[in-house]
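First comes the structure, then the notes that go with it.
The values are calculated or read from the model by the stated rules, or taken from the named source; none is laboratory data. Note that the structure is a prediction, hence the values are computed from the model and not measured. Backbone-built Cβ (ideal geometry, glycine too); neighbour counts: all protein chains shown.
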Amino acid sequence: VKSLVRDHAMSVTFHTGIAHACRSEEEVRETHAYAEKLRRDYGYQHLESLDRTGIRRLIGSTEYVGGEIDRDAGHLHPLNYAIGLAKAAAKAGVRIHELSEVHRVEPGPRPVVRTPSGHVDCATVILAGNGYLGQLSPKVSAKVMPINNFIVATEPLDERAKDILSEPVAVADTRFVVNYWRLSEDNRLLFGGGESYGYRFPDIIKTVSKPMLQVYPQLAKTRIDYAWGGTLAITVNRMPCFTRPGQNVLSASGYSGHGVAMATLAGKLMAEATAGQMERFDLMASLPQHRFPGGAALRWPLLVTAMTWYAMRDRLGL
Ligand SMILES: Cc1cc2nc3c(=O)[nH]c(=O)nc-3n(C[C@H](O)[C@H](O)[C@H](O)COP(=O)(O)OP(=O)(O)OC[C@H]3O[C@@H](n4cnc5c(N)ncnc54)[C@H](O)[C@@H]3O)c2cc1C
């Protein structure tokens, strides 16, 4: 991500620093032990462990008792990044056809992609629809589930911003239904949280304000200026699903909340595979991949039941 932003001179700032905020001493011990493992076994030196004072100084909330900060990871404006990627692709000769929904893919020696008004004969098809793929490939959708997630943006916080985050880092907490937040370049709090299943969205402001005010009760009277949501995709083991669902068809999806970095890597590996260098795609495709239990009819109800159970554990602080 960093080198793409740099090499294509995108109008995107990569801000370094991702903090993980833990809610219990047990989580803090696990997080610190994991940081130590990364240092010892992989030589990764960018993680700083945070105790209770350290996390509270950084994120101005009493909800958390410790954590860590990764000084090499970072956050960026994702729409500007997507626009930067599209511009770089167009400059390299790629033709992008918006508003052309693919409703069928026919694998084969020359696979065919069909839209309502036409078709394209291809050498290779890359399925990159992620959470929006629907039933285009039943082999992929058996292993990759769509899930909705939501973000709100407060009014600009001006002076109050430094009491929310004392450094321009992004934060994610340890809840199963994760809370994550950062400040925008105009000092709004962008707070993400809540989940829903199926293509209908709930009242986003209500859904996200609740966890936001748990973390920052001091924002109770702060105006919410924007709210939005989208569909991402998860897998059973939260590892991405790289696969060949048909002859000359490649697919990568199910980045489980890490798609900004992982979909970027997937694009690179699928480009390599299309050019005949299969090794790195095949390595990712060899990761264990599980089908969601229940088959086509029961997958959704089972997922919703499991997610509701874990969300309840979050609320009970377990
Ligand atoms: C609210 C929210 C917050 C998130 N926060 C983070 C975060 O903090 N960090 C992180 O790493 N990730 C985050 N994600 C996940 C991240 O956005 C995704 O993992 C990432 O966008 C995946 O990239 P992609 O290109 O594979 O899929 P997408 O960005 O979903 O793009 C898929 C594209 O395929 C198109 N498409 C789908 N089906 C068809 C079809 N049949 N015909 C034609 N076109 C089709 C869609 O229109 C879309 O343009 C978040 C997601 C949401 C919704």
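Key figures
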| item | result |
| --- | --- |
| Within segment 54-165, helices (runs of 4 or more DSSP H) holding 2 or more residues that are surrounded by fewer than 12 Cβ atoms within 10 Å (Cβ to Cβ) | 78-91 |
| Close pairs from segment 233-258: first free of Cβ contacts under 8 Å to residues at least 40 places away in the same chain, partner not in a loop (DSSP other than H, G, I, E, B), Cβ under 6 Å, at least 6 apart | S256/I234 |
| Matching residues in segment 188-217 - criterion: being among the polar types (S, T, N, Q) and more than 14 Å from the ligand (Cβ to nearest atom) | S209, Q214 |
| Per-region count, segment 160-200, residues more than 19 Å from R223 (Cα to Cα) and over 18 Å from the mean Cα position of the chain (by Cα) | 4 |
| Hits in segment 232-270 - residues which are of a type outside the set (G, A, S), farther than 15 Å from D282 by Cα and under 14 Å from the mean Cα position of the chain (by Cα) | L232, I234, T235, R238, Y255, H258, V260, M262, T264 |
| Condition broken by A128, with the remaining ones in (1) within 16 Å of I234 (Cα to Cα); (2) more than 9 Å from the ligand (Cβ to nearest atom) satisfied | (2) |
| Counted residues, segment 131-159 - those being of a type in the set (A, V, I, L, M, F, W, C) and within 8 Å of the ligand (Cβ to nearest atom) | 4 |
| Residue satisfying condition, being part of a helix (DSSP H, G or I) and among the aliphatic types (A, V, I, L, M), within set L190, L213 | L213 |
| Among the residues listed as A275, A266, the single one being in the same structural domain as V120 (by TED's automatic domain parsing) and surrounded by 18 or more Cβ atoms within 10 Å (Cβ to Cβ) | A266 |
| Qualifying residue in segment 169-176 (condition: aromatic (F, W, Y) and within 10 Å of the ligand (Cβ to nearest atom)) | no |
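For every residue, the table says whether it meets (1) within 11 Å of the ligand (Cβ to nearest atom); (2) of a type in the set (A, V, I, L, M, F, W, C); (3) under 23 Å from A261 (Cα atoms).
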position: N80; (1), (2), (3): no, no, yes
position: A90; (1), (2), (3): no, yes, yes
position: I96; (1), (2), (3): yes, yes, yes
position: V102; (1), (2), (3): yes, yes, no
position: T124; (1), (2), (3): no, no, no
